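The values are calculated or read from the model by the stated rules, or taken from the named source; none is laboratory data. The structure presented is a predicted model; accordingly, all values stated were derived computationally and were not measured. Virtual Cβ from ideal backbone geometry, glycine too; neighbours counted across all protein chains shown. Heads up: the accessible areas ignore ligands, DNA and RNA and are worked out on the full protein's heavy atoms, side chains in. Shrake-Rupley method; radii C 1.70, N 1.55, O 1.52, S 1.80 Å.
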Amino acid sequence: MALVDITVPDIGDFDEVSVIELLVKPGDTIQADQSLLTVESDKASMEIPSSAAGVVKELKVRLGDKVKQGSVVLVLETAGAAAAPAAAPVSEQKTAPAPATAESAAIKSVANAAPAASGSVEVRVPDIGDFKDVAVIEVLVKVGDTVKVEQSLLTVESDKASMEIPSSAAGVVRELKVKLGDKINIGDLLVVLEGASGSAPAVGSPAAAPAAAAPAAATLASPPVERTAPTAALPAHEPAVPTGQLPHASPSVRKFARELGVLLNEVKGSGPKGRITLDDVQGFTRSVMAGDVRTLAQAAKAPAAGASGGGLDLLPWPKVDFAKFGPVERKDRSRIKKISGANLHRNWVMIPHVTSYDDADITELEAFRVSSNKENEKSGVKITMLAFVIKAAVAALKKFPDFNASLDGEQLVYKQYFHIGFAADTPNGLVVPVLRDVDKKGILQISQEMGELAKKARDGKLSPGEMQGGCFSISSLGGLGTTYFTPLINAPEVAILGLSKSSMKPVWDGKAFVPRLTLPLSLSYDHRVIDGASGARFTTYLASVLADFRRVLL
Ligand code: CAO
């Protein structure tokens, strides 16, 4: 065991910098290279790493203290002999690249701002020390933005440090030459500014940052955003940092937030000058998990609960001891039932269903079906009414394309293919195989493929691909009975047709009641996409085609 003073390493041109964040406390076990504190000058912030591993015995600095190279930061109890000299931590020499100081970066960026076409200036990546192929993790400006000299244009990150790249000139962004994820190097073109008003004035005296002893992480920050009231989090809808301004946080906090999927501009910083700390990100995450706060993304997806009527606010499911009332047997639900049940529940809750009911006169069609089956007896393919309804449904989908669409955010996707799903009853539950390109197939082929798919469904041999890509579904209970029912839409489709058992009904022909074979139709549609009038037109047209298929030729 040895007690070791951990001191501030060579931090380049920084003379005296303020401690703005303490990242460890007495009793903490730390690793070599772990960040101990964040310091900040008026231009840049950086994290000071430990040169050794051990347990923190005593902190020698407080928030607001000024430190410089050689200042003792803390006393560490290490397992072995004394740690490596603080000013040249071994791990940093090996792994940490040397970010240029803010001053040197700004000055070098001047040299890299070159006039392009008249009135425009190309801003390039300044000298960023040893950084090579650093990834763009934030683009802070967009085409049309007016930027000032020194305003941060983007944030880049290596495996050890992140830094902001300042603009060397002022003007309006005419072209943005980088995007998220791009890898950039010194001299790469970043933006073309129009109406550029010249390059950055030199800040301080130029001096090269010593490569070997640079801190493990540094952020070349634009002037910090002024924020006062420190709170951990705030309800969504209000970004904590106004759009266009950069949340102020150290690289490790940024990395932590990114790992959690937290957007820093939604987190209110409690550190000096509104800096976002690790605790702020954790506090924000806890609040979101507890439901006290919604992220902007959540708020955009769902209406607010409470006064506005959003949120289901349901009673818990009743818990009943059924055995108290008589003998019971428990069985696990089948895998298909669990999957289809979850899908049906979502569709029922999320889609505003309307069902319209109609009757189709299929007297002539049934006669044709029976005679066709006789003619095709040898083929072994049996034609059922469902095959005709599938074909008639495609004619209706062509006439009313809204029914062949899907909702995608604020857009409707109109499909130009006609794949029809049909609900198949199997011993394990309901599945919906899909017949492809029905518009290009005849009744015999449809019947044959339907028979094959239905058999596969019953045998549990349908592949996932055979149940995907449907545009519209049909659920036929015709072989079983029922008069009408409400079929549930198979999202992301927007409509489904239910068929019940056909029966002879007396129909008034203007002079007398005549017996007609009547097929009950139940059409459910998504009212967000289809209005009631369209629903009525669809079933009316469908019924008319089933009554006389020649209508599709009109
Ligand atoms: N009216 C009167 N009779 C009908 C009919 C209708 N609308 N539809 C079918 N029939 C008759 C058929 O002509 C056949 O008669 P025969 O045995 O005399 O030839 C009999 O009913 C059985 O038909 P089928 O069910 O074998 O064939 P199909 O093409 O109509 O249906 C399939 C195929 C796979 C869709 C069906 O077997 C099935 O599984 N249906 C259940 C679907 C379901 O569960 N839907 C509910 C989903 S929501 O929970």
How far apart, in nm, are the 7 Å Cα→Cβ label points at Y357 and V320? 2.8 nm
Within region 325-386, list the trypsin sites (Lys or Arg not before Pro) lying in a DSSP loop whose Cβ has at most 15 other Cβ atoms in a 10 Å radius. R330, K331, R333, K382
Tell me which aspartates and glutamates have Cα within less than 20 Å of K60's Cα, excluding those fewer than 8 residues away on the same chain? D5, D10, D15, E16, E21, D28, D33, E40, E47, E77
Explain nothing, just the number: dipole magnitude of region 404-507 about its Cα centre with +1 on each Lys and Arg Cβ and -1 on each Asp and Glu Cβ, in debye rounded to the nearest 20. 380 debye
Of T295, G269, T285, which is farthest towards the positive pole of region 247-296's charge dipole, taken about the Cα centre with +1 and -1 on the beta-carbons of Lys, Arg and Asp, Glu respectively? G269
So what is the accessible area of region 444-554 per residue, in Å², with the probe set to 1.4 Å? 50 Å²
Kindly identify region 417-484 as rounded, prolate or oblate by the Cα gyration tensor criterion: order the square roots of the eigenvalues as a ≥ b ≥ c, call it rounded if a/c is under 1.5, otherwise compare a/b with b/c, prolate if a/b is larger, else oblate. oblate
Any idea which of Q34, V24, S45 is furthest toward the positive side of the dipole for region 1-75, if Lys and Arg beta-carbons carry +1 and Asp and Glu beta-carbons -1? V24
Reach of K338 by Cα under 29 Å, taken over lysines that are not fewer than 8 positions away in the same chain: K301, K319, K324, K455, K456, K461, K501
Phi-based couplings in Hz for region 356-373 (Karplus 6.51, -1.76, 1.60; Gly and Pro marked x): 10, 10, 8, 10, 10, 7, 10, 4, 5, 5, 5, 4, 5, 4, 4, 5, 5, 4
Sort D10, D321, D15 by heavy-atom solvent-accessible area, probe 1.4 angstrom, most to least. D15, D321, D10
Where in region 328-368 does the amide nitrogen come within less than 17 Å of the point 7 Å from the Cα of D425, taken along Cα to Cβ? 337
